[in-house]
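To start, the structure itself, in structure tokens.
Derivation of every value follows stated rules applied to the coordinates shown; laboratory data play no part. Quick caveat, the model's predicted, so the values are computed rather than measured. Note that we place each Cβ from the backbone using ideal geometry, even for glycine, and neighbour counts take in every protein chain shown.
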């Protein structure tokens, strides 16, 4: 019994090492930026970082489901954008916004926008699980479809008005805390609870860990993957609506950066692209690494044209560390 | 023409072409070949027979340069050789046609004949005209009139095999190893293959013919060598022996070896009068098996025996909803079922343990999660209760004798036999109506095999209807109360309420 439990403890330690590596990266980045810039390690800047990563956090929560299934969703940014534009399309716009839109009551506009993201997710799910298109290709097509829907609805214009509820949640505050940060935390929390404590969450890990074995255990693998893709799309829809309020406008290509940021947040946090390993705690660390990196580089005095390159190199370094940490496994 | 009715006293007339002396090969600690001497003559078709794991495939992989790490000597044309790779062996004139064809179905016939050797013109441009012309000639020499521009995958499997043979010959092989060449062929295709082999033999080419199909072996081979447990038992001229002679040597009658418990006959019980749990009628999956019918009652264990590739693996998958039948019906407890997926089959009370542990288990997950995955729906509502799962798994781990008996251990850290027990354990909490097992004891040591037999027999006593699919006669005989034999996708024999022995199974398959 003692040998079994000590072997368990050892494999637990090695198992958590791959979760520790991203955490070490995060602490290292914070220390470096705090050392290099006095304005970085302040309470108000912490608030900035939280606000800056909120939209990414909502997108990455949904994407975590997909990546844990060993699939990918490249349409996250496009679905967020299309949903945000759809919300504006169903809201009464000022006279100078020259689009032929369909204003609805605010609550209905929100439902219509969410329905848009849901349907796009369903199309992804049908393409991947029923027709059998690899998710990489299917969601690549959806990336274009999402962009296309957005373009058709907004016609090159910029729309400003969104329903009041969304305006509050996207740009308002509650007791000094931005609503968008609260929502992001809630989405992360719910995702974590679903992944860790529900049957569906267990199936997600099992399907990602060994799809064939899940199938031979009587798990409806296609249904699980479909659900993951739809969850991802709806999270993107929520992020897209709040994002429009957060940015103060709805327009084309508004969310383009969130494709890479969303994937990077999940993967840098240590969730395996091959599925079955990782989770929301990893995604949170990945979000913080990304947020600290994006924010910190603005606080130190370097050539702004160099920043993108530095960001890329630091992300690469983080990924390399993760890959080595993930190779460490308990001895068989 | 060759006269097959010659009474050859000595095997084949040609000079010795390939001589092996004292070949020894180990996989880990297991001795796969224990000092084998083997000679292949020029212009000879030499058949190798033996049960799975007897060593014949290992020996052929050594000859074909696939296994390079072995003990002993190999002499080709009087010169000692040691191949470094399959390419190296092919360069010296030894080629192999695998059971699973190594062709590119999306390329043309000509491209396949020239695979890896395409004739090129200036700037490395492929000379299509020459390639098509030469492959047509090459195929004509095998007596085949094929359009070399056809896509290979559009040809029937027998012709694809001959195209691969043409490729191996075209690469300059004088010795060709054929691994189970007839297993996927229809009788006319077999005749055509044999005609080609005879023609090539008369040109002085030599063949090693590995097969489970003893009728085919006796029809084409000049000499036959029997392997058992990594040793060469005996070589004889094919004309001087018959099927019984071969089977006796394959299973070692008269030798009192410890593990051969089932060489004697066992008595199958009378079929119970209970109503059938599972009824299968006219079930077919194109390209795998045709017109399979049987019924199964509570407390019965149906053994399905057949050689590798006879369609039994696909049959098991069809019963669990992984493959969709093209025809026929499946009834569980009298009501017809159409499974859209494995979840449907599991909901109908069918459980499945596939032949490969890898496709059943989650190596990164703890043992308890491996055991509860199939029953989560029944033990939990919305929220998981890990403590309950661990308790359930802990009980099974103890009952099954899994070591270490720790439901929290990572599955990947367990030995193979213990993993197999976990795979079985996942269906034990909520007993299924029908349990389908494919090769339940493959690769297990004797102790673990006994554990599995004990568990399965226990399930049967609790009223589970069980199907055991296996290519190992011992596995079938150690559990079954009724036996079906499959050959090339069809049911060819049923044993019930009678005494049967291993050689009955081998002779029927």
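Report, in whole Å, the centroid distance computed from the Cα atoms of segment B:153-192 and segment B:335-361. Rounded to whole Å, the Cα centres lie 35 Å apart.
The protection proxy used here, the mean number of other Cβ atoms lying within 10 Å of each residue, ranks peptides B:131-137, B:334-340, B:223-229, A:26-32 as follows, highest first: B:223-229, B:131-137, A:26-32, B:334-340.
The ranking of A:285, A:49, A:59, B:94 from fewest to most other beta carbons within 10 Å of each one's beta carbon is A:49, A:285, B:94, A:59.
The spacing between segment A:256-332 and segment A:17-49, judged by their C-alpha centroids, is 13 Å.
Shape verdict for segment B:262-302, please, from the Cα gyration tensor: rounded (a/c under 1.5), prolate (a/b greater than b/c) or oblate. Oblate.
Listed by Cβ neighbour count within 10 Å, with the fewest neighbours leading, A:64, A:25 appear as A:25, A:64. When a/c is below 1.5 the answer is rounded, else prolate if a/b is larger than b/c, else oblate, so apply that to segment B:98-173 with a ≥ b ≥ c taken from the square roots of the Cα gyration tensor eigenvalues. Note, shape of segment B:98-173 comes out prolate. For chain B, a/c is not less than 1.5, where a ≥ b ≥ c are the root eigenvalues of the C-alpha gyration tensor, and a/b tops b/c. That puts it in the prolate class.
Binning the alpha carbon pair distances of segment B:432-487 at 5 angstrom intervals from zero yields the distribution 4, 19, 34, 26, 14, 4, 0, expressed in whole percent.
Of A:263, A:154, A:320, which has the largest mean-square fluctuation in a 10 Å C-alpha GNM of chain A? Residue with maximal mean-square fluctuation among A:263, A:154, A:320: A:320. Relative to the dominant Cα principal axis of chain B, helix B:157-170 is inclined by about 40°. For segment B:266-508, the orientation-averaged shadow of the C-alpha convex hull comes to 12.6 nm² (one quarter of the hull surface). Suppose the Debye formula is applied to equal point scatterers at every Cα of segment A:254-327; what is log10 I(q)/I(0) at q = 0.26 Å⁻¹? Log10 I(q)/I(0), no solvent term: -1.25. Note on segment A:6-154: the C-alpha convex hull projects to 14.7 nm² when averaged across all orientations.
Run the paramagnetic zone check for residue B:236: 7 angstrom along Cα to Cβ, then residues of segment B:163-197 with backbone nitrogen under 12 Å. Answer for segment B:163-197: none. With helices as the sole contributors, the protein assembly as shown gives -15000 deg cm²/dmol at 222 nm; each DSSP H run of n ≥ 4 counts as -39500 (n - 2.57), and the sum is divided by every residue.
Between residue A:165 and residue A:185, the modelled labels are 2.2 nm apart [label points 7 Å from Cα along Cα→Cβ].
Inter-chain Cβ neighbour count for B:351-359, averaged per residue, equals 3 (cutoff 10 Å, partner chain atoms only). Within 10 Å of the Cβ of each residue in B:341-347, the mean number of Cβ atoms contributed by other protein chains is 5. Principal-axis analysis of the Cα atoms of chain B puts helix B:386-400 at an angle of about 70° to the longest axis.
Legend: mean number of C-beta atoms from other chains within 10 angstrom of residue C-beta atoms, peptide B:371-378, equals 4. For the listed peptides A:168-174, A:215-221, A:38-44, A:158-164, a ranking on the average number of other beta carbons within 10 Å per residue, highest first, reads A:215-221, A:158-164, A:168-174, A:38-44. For chain A, the longest principal axis of the alpha carbon atoms and the long axis of helix A:135-154 meet at an angle near 20°.
Here the protein assembly as shown is treated as a sphere whose radius is the Kirkwood value from Cα pairs; by Stokes-Einstein at 25 °C and 0.890 mPa s it diffuses with a coefficient of 79 µm²/s. Computed from the alpha carbon positions, the gyration tensor of segment A:19-327 leads to an equivalent ellipsoid with semi-axes of 29, 28, 17 Å, biggest first. Please work out the Cα center distance from segment B:437-509 to segment B:78-131, rounded to the nearest Å. Taking the Cα centre of segment B:78-131 as reference, the centre of segment B:437-509 is 42 Å away.
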